[in-house]
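Only one structure is covered here, and it is reproduced in the block below.
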Amino acid sequence: MDTNAFWELVADTRAQAVAANPESVVAEHVATMTAALEMLPDDEVRGFYRELRAVRARANSWDLWAAAYVALGGASDDSFLDFRNWLISHGRETYERVLADHDSVADLAWDEEENDFGAAELWAYAAVEVLEERGFDEDDVETGEEEDLDDEFGEPTGEPFPEDDDEWFAARLPRLWAKYGDAD
C-alpha cells in the first residue's frame, strides 16, 4: 500500500463513519477501518500500518505537541500519540493543513470528555488487531527499521516548548491560545 492508497482508505472509511454515526465519528471510524482492513490481504494491511507509522512519525514535532498541549490543557507523550492518531484519522487535507499551520487545530472539534482520543488509539491499532486475528504475532506485525520507531515514538523534531510560558503559547498559537489558553 502506498501513501495515496493509505489516505484514500482513511478518507473512505471516515466518510462511512460520518454517514453511520455523525455523533461519534472517531469511535465509528474504528469499526469502518477495521471492516475495510479485514477485506485486504495481509501485505496490504501491513502496508497500511507501515504508512500509518510513517505519517505519525512525520507529525512527531514539538510544535504540534505544543498545539495539542494548549488545546487539551496538557498532553503527555501518550496523549500526544493519541492526538496524532486522531489527526491522521481526519484525512490527508486536515493532516497537511495542521502540519503546515499548527494553530489551525483551533478549527477542529472533539468531544469534551476527550473520548475521541481514546478511540483514535483503537483506530491506530486496527491493522495490528486484524493481523493478530489472522495468526500473526506482534513481531510479525511490526514492520520497518528501529530508527523508524524512534521517529514515531522518540524525541520530536524541533525545539521543546516551555510548558509554563503563557506568552510563548499566545505568541505562537494565538487562535488556540484565545480559545483554550489559561490566562490566569
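None of the figures in this text is laboratory data; all of them are computed from the coordinates on show. Given the structure is predicted, the values throughout are model-derived calculations rather than measurements. Positions of Cβ are backbone-derived with ideal geometry, glycine not excepted, and every protein chain shown enters the neighbour counts.
Annotations
- Residues within the stretch 1-48 that are buried (at least 18 other Cβ atoms within 10 Å of the Cβ), of a type outside the set (S, T, N, Q) and over 17 Å from GLY118 (Cα atoms), tallied: 11
- Entirely in the stretch 56-128, the helices (runs of 4 or more DSSP H) that have 1 or more residues that are in contact with a Pro (Cβ under 6 Å, 6 or more places away or on another chain) and touching a residue at least 24 places away in the same chain (Cβ under 8 Å): 62-72
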